[in-house]
């Protein structure tokens, strides 16, 4: 593994570990995150993992850019992937239905598969959480089966309901809160994805693994889900 | 009990502090005062911690009435602040008597003013900060990110110190020469040579499309020649270039990751300056390297210590 350290701001350095998105990147990114947190300790202001990179923000009152560079190099020395599978596994219930996931029809049409098969394939894979972004607790997961890949909507919806589960290209995600959004919606989860009272705040953390489980409407509502149909047309 | 009753406000009047840290990996934005230098002076005038909670007023439209005699501080842009109609210049602490009205109405110079109270305004800490981020429903008086509203009360717990002012020599110039120091880095090597020349030799105009997420700049279209990018962390002040070639400076409420190429990032001092510029202002980028920008920043901080 050949990491590069790049300048990005007065107190930020980018650690570039990979060039392409692969599920196999995650054990390395997790291991590097843990090492960086340990080495920087209290002088780490923020650590932002993404698909192929880790952005390190250090305390500029304590460390010079050069010293931060040195600590990063130290953290990456003899790095081994975290193959023990640090990161938690989650099962996330989803009510797949056209009333809350109108693009089920679109994905079925594109792939030539029955809707039930689209759902089965979305549930069949254990996804990796590559990164969180866009909104608090919004986890970019992948990789979705190629038959289900679809570009984002040409015109994003002004409002997507909280819990909406969608697909964009070969990634999948659930919206933690109502927001504008351009992903292809296929269902809705009753799970609370971001909760300021929860330890760690976000249900899903970078490096976690996620499997979606199809549930019926009654179960969805019992679990606290809001079955109000999606209002905004795509 | 000290307090201010808000009589006028708008969506750009926000409770802010130094921002939210340690949660960027969860997709939570930074938030915090856009002009951190002025926030710091407002707090420094009262002996507060540098990042104590302040009110950020953008362009004006904010008014309060005092419920008891109190000492407050005002720093940053001159938004035509008045106490019962009498002009009040920023960069000082001042007494507001019970029943007196403080109003900030329009930008005479700069764009943002910071109002501080002894010990900082009371607000719940949400994920370690009271910075208001409307989009994320975090921070503010109610913890749900809302802007300050007419009828709400601002309170604080600190004891009132004597009044003083920031010596003119220590005050920042508000958008004086319009030069923004850009720490070169990120994907700068993947821009066309001509675009790099233009980026550092031509002026850019601040667009009216500007908010706490970012400020769009209009000027020569900059051409990125590298491969499409995979989303990665975005630092404060990142100068990103979307496909239309018009740069956007990303500010405190930016998204945490993104996939547009960047020339680098502005220095914190330049960001404070930019936060005081109005749409239509002209700015130029000056290339600086990280190590020197860091030295200059550390040196600048000394003036707060010396006050």
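Say whether the condition of being touching a helix residue (DSSP H, G or I) at 6+ places or on another chain (Cβ under 7 Å), free of Cβ contacts under 8 Å to residues at least 40 places away in the same chain and surrounded by 15 or more Cβ atoms within 10 Å (Cβ to Cβ) is met by at least one residue in the stretch B:277-296.
Yes: one or more hits.
Taking into account only those residues within the stretch B:223-240 that are touching a strand residue (DSSP E or B) at 6+ places or on another chain (Cβ under 6 Å) and not in a strand (DSSP E or B), which is surrounded by the fewest Cβ atoms within 10 Å (Cβ to Cβ)?
Taking the candidates together, the pick is B:231.
Grab the strands (runs of 3 or more DSSP E) fully contained in the stretch A:36-119, keeping just those with 1 or more residues being within 26 Å of the chain's Cα centre (by Cα) and without any contact (Cβ under 8 Å) to a residue 60 or more places away in the chain.
Values: elements: A:44-49, A:53-58, A:89-96.
Answer list for the stretch A:36-119: A:44-49, A:53-58.
Answer yes or no as to whether residue A:45 is facing chain B (nearest Cβ under 9 Å) and either on the phi < 0 side of the Ramachandran plot or out of contact with any helix residue (DSSP H, G or I) (no Cβ under 7 Å at 6 or more places or on another chain) (or both).
Criteria met by residue A:45.
Restricting to the stretch B:138-155, give me the number of residues that are surrounded by 18 or more Cβ atoms within 10 Å (Cβ to Cβ) and closer than 13 Å to residue B:20 by Cβ.
Here the count works out to 4.
Identify the residue in the stretch A:1-23 that is in contact (Cβ under 8 Å) with a residue 24 or more places away in the chain and away from chain B (no Cβ under 12 Å) and, among all such residues, is surrounded by the most Cβ atoms within 10 Å (Cβ to Cβ).
A:3
Please note which strands (runs of 3 or more DSSP E) are completely contained in the stretch B:99-204 and include at least 3 residues that are farther than 30 Å from residue B:222 by Cβ and touching a strand residue (DSSP E or B) at 6+ places or on another chain (Cβ under 8 Å).
In the stretch B:99-204, the matching strands (runs of 3 or more DSSP E) lie at B:101-104, B:109-116, B:153-155.
Go through the residues of the stretch B:18-29 one by one and say whether even a single one is assigned to a strand (DSSP E or B) and either within 14 Å of chain A (Cβ to nearest Cβ) or in contact with a strand residue (DSSP E or B) (Cβ under 8 Å, 6 or more places away or on another chain) (or both).
Among the residues of the stretch B:18-29, not one is assigned to a strand (DSSP E or B) and either within 14 Å of chain A (Cβ to nearest Cβ) or in contact with a strand residue (DSSP E or B) (Cβ under 8 Å, 6 or more places away or on another chain) (or both), which makes the answer no.
Out of (1) away from every other protein chain (no Cβ under 12 Å); (2) touching a strand residue (DSSP E or B) at 6+ places or on another chain (Cβ under 8 Å); (3) not in a loop (DSSP other than H, G, I, E, B), the odd one out for residue A:153 is which?
(3)
Rule-based calculations on the coordinates, nothing more; no lab input. On a predicted model such as this, the values are computed, not experimentally measured, just so you know. Cβ coordinates were reconstructed from backbone atoms using ideal geometry, including for glycine residues, and neighbour counts include every protein chain displayed.
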